[in-house]
């Protein structure tokens, strides 16, 4: 349901991954960044279609105005912006990050940004149609509703749109994994805190078995809550057993956290960190 005009719009946290041949990815950045014509955006009022003047000058800043411009004569209300872009504002506080490593000749970049009201799905559809050689994957979260979603375009067509685990989204995007993984490693009771070369845990099941043997499995799962995943915890939760922990947290720990932890544990950083 579209937020009513006059009510505070919900903040949406977005993460867009753009993947493809290097030339195509660079073309996408040119089409979607603000550097080409910042003067054309000067008429937009703050807080409606543009966040601040600093972002206008940032060559890495994402803007929907570049691909789907709004003329000064058009209405700039939230309803008009949603009809144009899918969100009530342009991209705000955007950051351009390097994406995951890809095969030779291919690359990926990540835009993290905020919108209000909704995710910019109308703009995403337009961007995908304009750059069909790219794969565009947008994940967005509505923190107030504790909900997260994903939409993926490939060859200019929507191939997947679904709701995803909000807690998994928080883990992937909000948690300092180095700190969390260091704490889990401390619960494994390795001699001197170092991973042994022999009998090194190589699977999530290996880690789970060792945690259970050390009597630390419930404590390890509860670390998620202490890091902001699945709600806050307090002193009253200290005596919780595994049966008291929400099933969603246990499932997330087993299916998502432990596989990532094993990869980290066997990395140079994980092996060296005492």
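The values are calculated or read from the model by the stated rules, or taken from the named source; none is laboratory data. Every value quoted in this text rests on a predicted model; they were computed, and no experiment measured them. Glycine also receives a Cβ, built like all others from the backbone with ideal geometry; neighbour counts cover every protein chain displayed.
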- Answer yes if at least one residue in region 195-205 is modelled with pLDDT of 90 or more, buried (at least 17 other Cβ atoms within 10 Å of the Cβ) and outside the structural domain of residue 19 (by TED's automatic domain parsing), and no otherwise. yes
- Filter result (on the phi > 0 side of the Ramachandran plot and in contact with a helix residue (DSSP H, G or I) (Cβ under 7 Å, 6 or more places away or on another chain)) within region 135-167: 146, 156
- Task: Check whether at least one residue in region 98-107 is under 26 Å from residue 141 (Cβ atoms), at pLDDT 90 or above and within 19 Å of the chain's Cα centre (by Cα), and report yes or no.
- Result: yes
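Condition first: outside any helix (DSSP H, G or I), under 14 Å from the mean Cα position of the chain (by Cα) and without any contact (Cβ under 8 Å) to a residue 40 or more places away in the chain. Now tell me which residues in region 153-180 satisfy that. Give the steps one after another, and end with the answer.
Step one: of region 153-180, the residues outside any helix (DSSP H, G or I) are 153-165, 175-176.
From what's left, under 14 Å from the mean Cα position of the chain (by Cα): 163-165, 175-176.
Result: 163, 164.
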